[in-house]
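*Asks:* This is the structure I want to talk about, given as structure tokens.
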Amino acid sequence: MVHQQEAVVLRTWPVHEADLIVSLFTRGHGKIKGIAKAASKSRRRFGGALEPMTCVVANYAIRPRQELVRLDSCEIITSPLSRAVDYTRAAALAFYSEVLEECLPDYDPQDAVFRLVHSVLEHTTTTNVWMPVTYFALWMLRLMGWMPDILHCTVGGEPFVGRPAYWHAQADGLVCAQHKRLASSVLSAPSQAMAVRIFHRPLAAFTQENWSSACGVDLRRFAVQALERHLERKLTSARVLMKLSG
């Protein structure tokens, strides 16, 4: 059966001489993988539509008892290359791609995630990277069901109420000073408040705020650690972002 779906390209792998395997996050079917025959040579069918994080209309056929769909063509809706790309923005786009590729199961539509992706792509520019990256990381944790209570100690249930919280790379959740483990990392009270704001406001509400690379850095580190803990693997793109933010 042939389908036409709005989708976001996540990544590609070369196979054979000119074919590509393409991972797509589609609105109607969730994450799928397809074979794009002669994609490296066919500008008419694909052109620059297979760059990671390109929003496209994908035409593909799901074949019985076949793991890969047949990807016939893609038409660009928006491309990340249509705006200026510097190293930091490229690292952010790679982070979105890697997190989506690793977190999303195949053939499981996730409309809330799909809307989140479009929002962060719209707002990720060379002058505005850290706010959408932070927003994306926290909301992916929440939408995957992995976000712990940001306001209360996981062990004793005490509210943090303006006090720092602590997290450890080998444990889930946030704890108070009384229950913290050795070599724990700190999540500041302002970053806790920032997380609460993020979960109650759309991304567009933050566009007028001046987010430097230092803003929310402890919150991003916590979110990345939580993602990696649940995925049971390190996120290569996250390491790059952490180096850039200091």
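*Asks:* Criterion first (free of Cβ contacts under 8 Å to residues at least 12 places away in the same chain and surrounded by 13 or more Cβ atoms within 10 Å (Cβ to Cβ)) does Ala90 satisfy it?
*Replies:* Details: free of Cβ contacts under 8 Å to residues at least 12 places away in the same chain: yes; surrounded by 13 or more Cβ atoms within 10 Å (Cβ to Cβ): yes.
Against the criterion (free of Cβ contacts under 8 Å to residues at least 12 places away in the same chain and surrounded by 13 or more Cβ atoms within 10 Å (Cβ to Cβ)), Ala90 qualifies.
*Asks:* Please go through the stretch 22-34 and give me each residue that is part of a strand (DSSP E or B) and either within 15 Å of Gln4 (Cβ to Cβ) or at pLDDT below 95 (or both), ordered by number.
*Replies:* The first filter runs over the stretch 22-34 and keeps only residues part of a strand (DSSP E or B), leaving 22-26, 30-34.
Correct list: Leu24, Thr26, Ile32, Gly34.
*Asks:* Let me ask something else about it. Which one of the conditions (1) over 30 Å from Gly145 (Cα atoms); (2) among the hydrophobic types (A, V, I, L, M, F, W, C); (3) assigned to a strand (DSSP E or B); (4) touching a residue at least 40 places away in the same chain (Cβ under 8 Å) does Val56 fail to meet, given that it meets all the rest?
*Replies:* Evaluating Val56 over (1) over 30 Å from Gly145 (Cα atoms); (2) among the hydrophobic types (A, V, I, L, M, F, W, C); (3) assigned to a strand (DSSP E or B); (4) touching a residue at least 40 places away in the same chain (Cβ under 8 Å) leaves (1) as the failure.
*Asks:* Could you grab me the full set of residues in the stretch 45-60 that are buried (at least 20 other Cβ atoms within 10 Å of the Cβ), within 11 Å of Ser73 (Cα to Cα) and at pLDDT 95 or above?
*Replies:* Val56, Ala58, Tyr60
*Asks:* Here's a follow-up. Condition first: under 26 Å from the mean Cα position of the chain (by Cα), of a type outside the set (A, V, I, L, M, F, W, C) and farther than 15 Å from Ser191 by Cα. Now tell me which residues in the stretch 142-165 satisfy that.
*Replies:* If the condition is that a residue be under 26 Å from the mean Cα position of the chain (by Cα), of a type outside the set (A, V, I, L, M, F, W, C) and farther than 15 Å from Ser191 by Cα, then Arg142, Gly145, Thr154 are the ones that fit.
*Asks:* Right, something else. Being modelled with pLDDT of 95 or more, surrounded by fewer than 21 Cβ atoms within 10 Å (Cβ to Cβ) and either touching a helix residue (DSSP H, G or I) at 6+ places or on another chain (Cβ under 6 Å) or farther than 19 Å from Ala223 by Cβ (or both) narrows it down to one of Ser119, Ser82, Ser42, so name that one.
*Replies:* Values: Ser82 fails: modelled with pLDDT of 95 or more; Ser42 fails: modelled with pLDDT of 95 or more.
Going through Ser119, Ser82, Ser42 in turn, just one is modelled with pLDDT of 95 or more, surrounded by fewer than 21 Cβ atoms within 10 Å (Cβ to Cβ) and either touching a helix residue (DSSP H, G or I) at 6+ places or on another chain (Cβ under 6 Å) or farther than 19 Å from Ala223 by Cβ (or both): Ser119.
*Asks:* If you check Trp139 against the conditions, is it in the same structural domain as Asn210 (by TED's automatic domain parsing), part of a helix (DSSP H, G or I), within 24 Å of Arg233 (Cβ to Cβ) and touching a residue at least 24 places away in the same chain (Cβ under 8 Å)? Don't jump to the end; show me each part of the working.
*Replies:* Values: in the same structural domain as Asn210 (by TED's automatic domain parsing): yes; part of a helix (DSSP H, G or I): yes; within 24 Å of Arg233 (Cβ to Cβ): yes; touching a residue at least 24 places away in the same chain (Cβ under 8 Å): yes.
For Trp139, the condition - in the same structural domain as Asn210 (by TED's automatic domain parsing), part of a helix (DSSP H, G or I), within 24 Å of Arg233 (Cβ to Cβ) and touching a residue at least 24 places away in the same chain (Cβ under 8 Å) - is met.
*Asks:* Given the conditions (1) of a type outside the set (A, V, I, L, M, F, W, C); (2) within 23 Å of Val99 (Cβ to Cβ); (3) at pLDDT 95 or above, report the number of the one that Gln4 does not fulfil.
*Replies:* (2)
*Asks:* When Thr78 is evaluated against the numbered criteria (1) assigned by TED's automatic domain parsing to the domain that holds Pro202; (2) farther than 23 Å from Ala214 by Cβ, which criterion, by number, is the only one it fails?
*Replies:* (1)
*Asks:* Determine whether the stretch 57-69 contains at least one residue that is within 20 Å of Leu138 (Cα to Cα) and outside the structural domain of Leu203 (by TED's automatic domain parsing). Reasoning before the result, please.
*Replies:* Start the filter on the stretch 57-69 by keeping residues that are within 20 Å of Leu138 (Cα to Cα), which leaves none.
No - not one qualifying residue is present in the stretch 57-69.
*Asks:* Turning to a different aspect of this structure: Considering only residues that are modelled with pLDDT of 95 or more and in contact with a helix residue (DSSP H, G or I) (Cβ under 6 Å, 6 or more places away or on another chain), which ones fall in the stretch 196-216?
*Replies:* If the condition is that a residue be modelled with pLDDT of 95 or more and in contact with a helix residue (DSSP H, G or I) (Cβ under 6 Å, 6 or more places away or on another chain), then Ile198, Leu203 are the ones that fit.
*Asks:* Continuing with the same structure: Restricting the stretch 166-178 to residues that are over 24 Å from the mean Cα position of the chain (by Cα) and farther than 21 Å from Arg142 by Cβ, which is surrounded by the most Cβ atoms within 10 Å (Cβ to Cβ)?
*Replies:* Only one residue fits best here, namely Cys176.
The values are calculated or read from the model by the stated rules, or taken from the named source; none is laboratory data. Note that the structure is a prediction, hence the values are computed from the model and not measured. Cβ: placed from backbone, ideal geometry, glycine included. Neighbour counts: every protein chain shown.
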